[in-house]
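Down below is the structure, laid out as structure tokens.
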Amino acid sequence: MIEGGLQMLNYRQLHYFWSVAKAGSIARAAERLHLTPQTISAQIAELERALGRDLFRRTGRRLELTEAGKLALSHADEIFQIGSELEGLMHHSAGSSDLLFRVGVADVVPKSIAYRLLAPALMLSESVRLVCHEDKLERLFAELAIHKLDLVIADRPLPTELGVKGYSHVLGQCGVVFHGVPALAVRYRDNFPQSLNGAPLLIPGAGTAIRGPLGRWFSERGVHPRTVGEFDDTALMKAFGQAGAGLFPIPAVISAEIQRQYGTEVVGQADEVVVKYYAISVERRLTHPAVVAISEAAKQGLFVGAELNQG
């Protein structure tokens, strides 16, 4: 399109370029956009011809941004952030008076903690419509990068190697408590944690942030429990624990709740194994009313008394 002697920028092509830069490869971007790699390659080539500059260079099997590409990416970030804000404003003004709040919750975050972290957003004087999406962290970070989410609740900070522009705000931290049905609790409570040698143990899956620290804690104490199950879904792990399949670790902040809900008892506590929860957003300084409410409530309520002097 020509207007006033200048070629207008094709924003669809810019979005394809931006998606490839964020995903790190044409193949990954194509999968997320539900397009063929050939379509995306052709559109980026058209954009490069229109701009008169190469945006990517190939280094072996990898794509790297050129200096022009880095400049284009920084502006594309701003363009699509503004577009996302505009879309939200239009939905807000046209659809209802509710404040739209789109949250991604990592599937490794216990449901009860997710609820307790998010509940303050629904207690604002302004009416909030919460749209909550649970998924793997990598997919949630991708959604955050293209401004389809306002916030991600996770058990780890945003990895720098993903190339996603975002900021990790610590909501709180606590130690870990081991639970079990009464018969197991009585059997393994005395002489904790050495009593855990050979004890049947249910543990969170390898994708959880707690897994590494938990393994090191056992190793440092020379304790070797018998792992009988690994679970990506902590709710399923607790259900097995309720049935007496083994002992299981949970964040200390929900210990009393788990005792009431599952009929289990505390076996022992490992304060050195620290579980942290993060609010990850594209904002360096939290400004969204719902995000601010979540952050303040977590620090003043949920994690009060559970903060540990860990680095």
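Here are some notes:
- Helix-only CD estimate at 222 nm, as mean residue ellipticity for the chain, using -39500 (n - 2.57) per DSSP H run (n ≥ 4): -12500 deg cm²/dmol
- The stretch 2-76 - Debye-derived log10 I(q)/I(0), Cα point model, q = 0.12, 0.14, 0.18, 0.19 Å⁻¹: -0.31, -0.41, -0.67, -0.74
- Coordinate range along principal axes, alpha carbons of the stretch 144-274, Å, largest first: 51, 32, 23
- In this simple spin-label approximation, Ala256 and Met123 carry label points 7 Å from Cα along the Cα→Cβ vector, and these lie 1.5 nm apart.
- Under 14 Å from Lys299, Cα to Cα: aspartates and glutamates that are on another chain or at least 8 residues apart: Glu307
- Across the stretch 187-213, the residues whose backbone nitrogen lies under 18 Å from the label position 7 Å along the beta-carbon direction of Glu220 are 192-197, 209-213.
- If the chain linking Gln81 and Ala45 were pulled fully straight, counting 0.36 nm for each residue of separation and taking away their Cα-Cα distance, it would gain 10.6 nm.
- Between the alpha-carbon centres of the stretch 41-63 and the stretch 221-290 there is a gap of 46 Å.
- Contour excess over end-to-end distance, with Cα ends at Glu296 and Val228 and 0.36 nm allotted per residue: 20.6 nm
- When the Gaussian network model of the chain links Cα atoms closer than 10 Å, the mean-square fluctuations of Gln38, Gln194, Gln259 top out at Gln38.
- Flagged links, alpha-carbon separation over 19 Å, of Lys165/Lys276; Lys70/Lys165; Lys111/Lys136: Lys165/Lys276
- Exposed-site-free run, longest, the chain (rule: trypsin sites (Lys or Arg not before Pro); DSSP loop; at most 16 other C-beta within 10 Å): 62-135
Each reported figure results from applying straightforward, stated rules to the coordinates on display, with no laboratory input. Values in this document were obtained by computation on a predicted structure and should not be read as measured data. Methodologically, a virtual Cβ is constructed for each residue, glycine included, from the backbone with ideal geometry; neighbour enumeration extends over all protein chains shown.
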